[in-house]
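Written out below as structure tokens is the structure these notes cover.
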Amino acid sequence: MLETNRYHRQILFAPIGENGQEKLNQSHVLIVGAGALGSSSAEALARAGVGHLTLIDRDYVEESNLQRQQLFSEKDMKQKTPKAIAAKQRLSEVNSHVRIDAIVGDAEIDLLRQIAPEADLIIDATDNFDTRLLLNDIAQKYQKPWIYGAVVASYGVTFTVLPDKTPCLQCLQEYIPANGATCDSVGIIQPVVQRVVSQQVTEALKLLTGNEAALSGRLISFDLWKNEHTEIEVDALRKADCPSCSEKRSYPNLAYDSRLKSAVLCGRNTVQLRPQRKQTDLDEVAKELQKNKQIKLFQNPYLLSFEVDSFRIVLFQDGRALVHGTMDQLEAKNVYHRYLG
Amino acid sequence: MKIMVNGNGLEVREDVKHIKGLIDFLELEDKPLIIEHNQQILQKEEHEKAILENGDKVEIVHFVGGG
Ligand SMILES: [Zn+2]
């Protein structure tokens with residue numbers, strides 16, 4: 001049953017009303033990434049009464065996140081809590097009626113294939129275009145809207161991709177920066193996160209409550225520091241022969257061989273490795289590592305972290321490892337094999 | 001010549017004749033840009049053919065990756 005008092009102000013808002021509120025309650029939104037954009041989107045959607053949220057994130061909370069990732073606290077940072085878990089804990093306090101599925105791991109093909117068909121829409125809160133292209137093809141395949149959002153410095157950009165209606169990200173592929181260099185060597189201010197999220201969440205509310213006619217339909221960007229705001233009609237960029245959204249589609253971004261075994265994390269001096277083996281018994285690994293007295297260990301139910309030489313290695317239950325202290329994938333692999341076999 | 005770029009007025013040098021010249025003037029040549037000139041979206045090969053005139057409106061968007 002709906003708690004009408006809780007959503008009173010939102011129900012008073014005519015385009016939503018009681019019907020819209022009930023639709024929100026019945027909705028399932030997949031949020032990919034629980035960093036700055038993901039935290040903020042998730043909180044807004046949980047407060048709005050979206051009945052079911054799924055959050056996927058591969059990272060854990062660190063001190064430098066606290067400036068802009070609104071769901072996390074110093075306690076999460078000290079405990080190195082995975083972001084998806086910390087987000088779920090906070091969101092459950094905000095709105096205990098929302099079902100929240102938290103997944104600590106990569107947004108990879110098999111996982112998205114399971115979740116996407118049941119979701120009503122996907123919110124992009126990732127920090128890289130490899131994952132976005134994957135989301136794009138998943139969304140096309142299962143005919144789900146997805147809402148691109150990205151931020152850097154005081155600049156943000158967002159676009160709602162509708163299957164069979166708008167261009168998809170693959171149509172716009174030539175505009176994707178080659179090296180992803182826009183990442184975060186230039187930093188970011190927090191209000192730009194809120195600005196992108198306010199656009200993404202509003203578009204999501206329109207879609208979920210059956211108000212498609214109110215959608216923006218435009219590529220939107222702004223620079224809060226330079227006082228710029230830009231909107232472009234990009235329908236003309238939809239490609240008749242797009243491999244992801246045209247009749248001749250083959251979903252190139254769902255090809256398994258395009259999956260990355262290792263990846264340099266955005267501006268973090270960190271490499272993620274994803275070895276073949278899957279589930280890892282962290283206690284077992286910890287016991288092994290403790291034989292080496294040089295190694296300083298930290299463990300919580302989700303991950304194992306240890307420092308050695310100039311590196312810090314974080315091992316997750318799903319077998320992934322983050323090697324902090326290098327951007328060299330080969331060096332990261334060497335360190336990994338030296339200590340984790 | 002004065003034009004509007006992303007909603008703000010911009011005075012450009014006389015030798016900036018077309019969109020390509022504007023991109024160079026703004027030092028944006030390294031980025032892939034989505035450009036609208038007087039509400040007409042341009043393909044990259046059209047940047048040199050799109051002649052700028054006083055009062056023109058140009059919107060420039062680039063993709064970024066951070067989240
Ligand atoms: Zn397409």
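The values are calculated or read from the model by the stated rules, or taken from the named source; none is laboratory data. None of the values given here were measured: they were computed from a predicted structure. FYI the Cβ positions are ideal-geometry reconstructions off the backbone, even for glycines, and counts take in every protein chain you see. Note: accessible area is taken over every heavy atom of the protein model, side chains too, but ligands, DNA and RNA are not part of it. Shrake-Rupley method; radii C 1.70, N 1.55, O 1.52, S 1.80 Å.
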Could you check, for region A:195-217, whether at least one of its residues is basic (Lys, Arg) and either outside the structural domain of A:Gly17 (by TED's automatic domain parsing) or outside any helix (DSSP H, G or I) (or both)? no
Checking the structure you have, find out if any residue of region A:237-248 is open to solvent by 50 Å² or more (accessible area, probe 1.4 Å), within 14 Å of chain B (Cβ to nearest Cβ) and touching a residue at least 24 places away in the same chain (Cβ under 8 Å). yes
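Has region A:56-64 got at least one residue that is farther than 17 Å from A:Asp127 by Cα and open to solvent by 20 Å² or more (accessible area, probe 1.4 Å)?
Yes, there is a match, as at least one residue in region A:56-64 is farther than 17 Å from A:Asp127 by Cα and open to solvent by 20 Å² or more (accessible area, probe 1.4 Å).
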Limited to region A:291-341, what total is found for residues that are in a loop (DSSP other than H, G, I, E, B) and either charged (D, E, K, R) or within 26 Å of the chain's Cα centre (by Cα) (or both)? 14
Scan (1) touching a Cys at 6+ places or on another chain (Cβ under 9 Å); (2) more than 16 Å from the ligand (Cβ to nearest atom); (3) outside any strand (DSSP E or B) for the single condition A:Ile115 breaks and write down its number. (1)
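Residues are listed down the side, and each one gets a yes or a no for (1) within 15 Å of the ligand (Cβ to nearest atom); (2) open to solvent by less than 20 Å² (accessible area, probe 1.4 Å):
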site: A:Leu121; (1), (2): no, yes
site: A:Asp130; (1), (2): no, no
site: A:Asp137; (1), (2): yes, yes
site: A:Lys144; (1), (2): yes, no
site: A:Gly149; (1), (2): no, yes
site: A:Thr160; (1), (2): yes, yes
site: A:Thr166; (1), (2): yes, yes
site: A:Ala178; (1), (2): no, no
site: A:Ile189; (1), (2): no, no
